[in-house]
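Everything below concerns the one structure shown next.
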Amino acid sequence: EGANLAITKGTLSVDGNLDLDGQQDPLTGTFSGTAEVAGLDLKLPGAQEPLLTWQTLRLDPIEYNVHPARLEIGTVTLAEPFVNLVRNADSVHNVERIARNSGTQAADESAGGASREPGSEPEFIFRINQLMLEDGELAYTDRTLQPAFTTRFESLSGTVTGLSNISPQQGKVSMRGRVGGVADLDFQGTIGTLGTEDVSDLKLLIENLSLPVLSPYFGRYLGYGVDSGKLDLNLDYEIAGTRIDASNLVLMDQLELGSAVASDQAVNAPVKLGLALLRDRKGVIE
């Protein structure tokens, strides 16, 4: 009822004890146990390709207090998830079609959830001690380009610890993987209390990404393809509520432009001259 999603596969298993103290309003009691969703396959209605799949999602243990609502999960293990992100020819991403209801009401609800008074507790409290990601993959396709651009983030593994919406809470994230089969990805940082103004400091490092892979974007925005070169990214983001302080270091090594590409979105500037001025004696643009 709440989402444009079709579940084509998947099994749910729950094992535990539910103890109810009293069955009058409000209902009070606790649930203790484990849960698992295996072999999940989600699609958008009418779509042939999957949107989200995974081998297993296991929650162990689960401790839930019915009233006041409080959820604590020891370890969440997500094995072999696959996310298929597509930007269609109309520039709308497939994930934008998931929500059935949008507009003012959803925006008001979102704003209301984010504007919690400092020091106040949310109506629903949760904590996840550890989230473990095993061999994840994200595929990205951009169909606004001809031919379509595709790449993959693969072999994504790591942990996120200490997630909660109750202060004080300092979570940590550590993820590694590959981009396009050749580049190394390293994602590290700390995560503040969710839904608050607490600071999160996140760092993303990508090394040795092949620049010719990005040739369709160079053609669209610079008017030239790319024949060779490597790209390194070092991104450092400090996030507090709606405020972001960002540091972006981009290194392009041995970038060589290729043939001219006709594009009405290309910048009207002497691109080759500009890149020559930026390039140092070792052929690096920083």
Response to the item:
Rounded to whole Å, √(5λ) for the Cα gyration tensor eigenvalues of the stretch 115-233, largest first, gives 37, 17, 13
Worksheet item: Which residue, chosen from Phe126, Leu42, Leu145, occupies the Cα position most advanced towards the positive end of the dipole of the chain, where the dipole is computed from +1 (Lys, Arg) and -1 (Asp, Glu) charges on Cβ about the Cα centre?
Response: Leu145
Fill in: Simple Cβ-charge dipole of the chain, Lys/Arg +1 and Asp/Glu -1, about Cα centre, in debye nearest 20
1060
Fill in: For peptides 259-271, 162-174, sequence by mean Cβ density within 10 Å, most packed first
162-174, 259-271
Practice prompt. Just name one of Thr53, Leu277, Gly241: the one whose Cα is farthest towards the positive end of the charge dipole of the chain (beta-carbon charges, Lys/Arg +1, Asp/Glu -1).
Written response: Leu277
Practice prompt. Using only the alpha carbons, work out the radius of gyration and Dmax of the chain in angstrom.
Written response: 23.1, 78
Item to complete: State the volume of the convex hull built on the alpha-carbon positions of the stretch 1-100, expressed per residue in Å³ and rounded to an integer.
Response: 136
Fill in: In sequence order, calculated HN-Hα J values of the stretch 175-191 (Karplus, 6.51, -1.76, 1.60; Hz; x Gly/Pro)
9, 9, x, 10, 10, x, x, 10, 8, 8, 10, 9, 10, 9, x, 10, 10
Worksheet entry | Protection proxy ranking, peptides 68-78, 203-213, average beta carbon neighbours within 10 Å, highest first | 203-213, 68-78
Practice prompt. Give me the orientation-averaged projected area of the Cα convex hull of the stretch 188-286, in nm², one decimal.
Written response: 8.0
Fill in: Carbon/sulfur fraction of accessible area - the chain, other protein chains in place, 1.4 Å, %
53
Response to the item:
Mean separation of Cα contacts under 8 Å (at least 6 apart) over the residue count of the chain, i.e. the relative contact order in percent, is 10
Worksheet, complete the sentence: Rounded to two decimals, the Debye log10 I(q)/I(0) of the stretch 150-210 (Cα scatterers, no solvent) at q = 0.14, 0.23 Å⁻¹ is -0.47, -0.84
Discussion item. Which log10 I(q)/I(0) values does the stretch 213-264 give at q = 0.13, 0.16, 0.17 Å⁻¹ under the Debye formula, counting every alpha carbon as one identical point scatterer?
Written reply: -0.46, -0.61, -0.65
Worksheet item: Remind me, relative contact order of the stretch 202-286 in percent, using alpha carbon pairs under 8 angstrom and six or more residues apart?
Response: 30
Fill in: Å² per residue, accessible surface of the chain at 1.4 Å
60
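The values are calculated or read from the model by the stated rules, or taken from the named source; none is laboratory data. Values in this document were obtained by computation on a predicted structure and should not be read as measured data. Note that each Cβ is placed from the backbone with ideal geometry, even for glycine, and that neighbours are counted across all protein chains shown. Accessible surface areas use protein heavy atoms only, side chains included; no ligands, DNA or RNA. Shrake-Rupley method; radii C 1.70, N 1.55, O 1.52, S 1.80 Å.
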